[in-house]
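Some notes on the structure that comes next.
The values are calculated or read from the model by the stated rules, or taken from the named source; none is laboratory data. Note that the structure is a prediction, hence the values are computed from the model and not measured. Note that each Cβ is placed from the backbone with ideal geometry, even for glycine, and that neighbours are counted across all protein chains shown.
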Amino acid sequence: MAAGSEKNRRWPGVLRFSLGIAFVLVAVLAFLKGLAWYWAVMCFCGASFGVVGKRRIMRAGVTRTPDDIVCRYVPWYEASAYLLNFALPLMGIAGIYAGYVPGNPVWLRFAGILLLLATLLMMYATFRMWNRCSLRFTPSTLTIRVADPKIRPGELTRDQVEAITPKWIANSVSGAKALQVEIAYRPEDSPTDAPKTVMLGLQLTVEPINLYGAVVAWHDGANADRNELLDRIEQILRGRSTAVAHT
């Protein structure tokens, strides 16, 4: 039953990838047959979004020292970052050029301008996450930094972490759901008994399911050898461990 469910979830991705590849080939062949370069660029970039999909991490953004492990957002390890910061402006430039070619609709130039403006926003968001977001593991503490300055969990001990929950969160624009990890914690200086929460996932270049497993392994590793614990966390973060985390 589970295998069938997993197979059903993979079909949309396989179909999207196949259609994207077919669209790329059609765009290349049409360009070779005389299609204007700007149409070929727009078709090729649009197909690239279909091939890559929502998110594709090429390598985990994880660094290890003898005393800690740090996860960061590393844009050059994320295929989607290349698309948003390179393919999107190429489509914008092609659209602006196409809008000035006689016979093409004028709205293409305005669409191109909007794409370039969107690129600036994406570049700002990418730089902000790269500069601010991190998750640091030590054998006894978890230090969390996110892009939102209003959310400052800081350094947390195991006693402060109350719950670690995987959640499927829908994108407010596209509606597509992405797996993220919610950590409920109790700040030391909190005047109330209500725990606060922080959501991790998109801000770190780590597969969310591996991130969840690593945080749970850290939380459950109070009595583990410090070096063995860090080794296990690193293996989970890099996707080299098949250990199943339990809350």
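Before moving on, here are some points about what is shown:
- Take the conditions (1) in a strand (DSSP E or B); (2) of a type outside the set (F, W, Y); (3) at pLDDT below 90; T63 misses just one of them, which is (3).
- Within segment 126-147, being in contact with a helix residue (DSSP H, G or I) (Cβ under 9 Å, 6 or more places away or on another chain) and over 13 Å from D67 (Cα atoms) holds for T126, F127, M129, W130, L135, R145, V146, A147.
- Filtering segment 67-123 to residues that are of a type outside the set (S, T, Y), without any contact (Cβ under 8 Å) to a residue 12 or more places away in the chain and farther than 18 Å from A47 by Cβ leaves W76, P102, G103, N104, P105, V106, W107, F110, L117, L120, L121.
- Just so you know, in segment 79-104 the residues that are out of contact with any helix residue (DSSP H, G or I) (no Cβ under 7 Å at 6 or more places or on another chain) and either part of a helix (DSSP H, G or I) or at pLDDT 90 or above (or both) include one that is farthest from G50 (Cα to Cα), and it is P102.
- Taking the numbered list (1) surrounded by fewer than 19 Cβ atoms within 10 Å (Cβ to Cβ); (2) at pLDDT 95 or above in turn, V215 passes all entries but (1).
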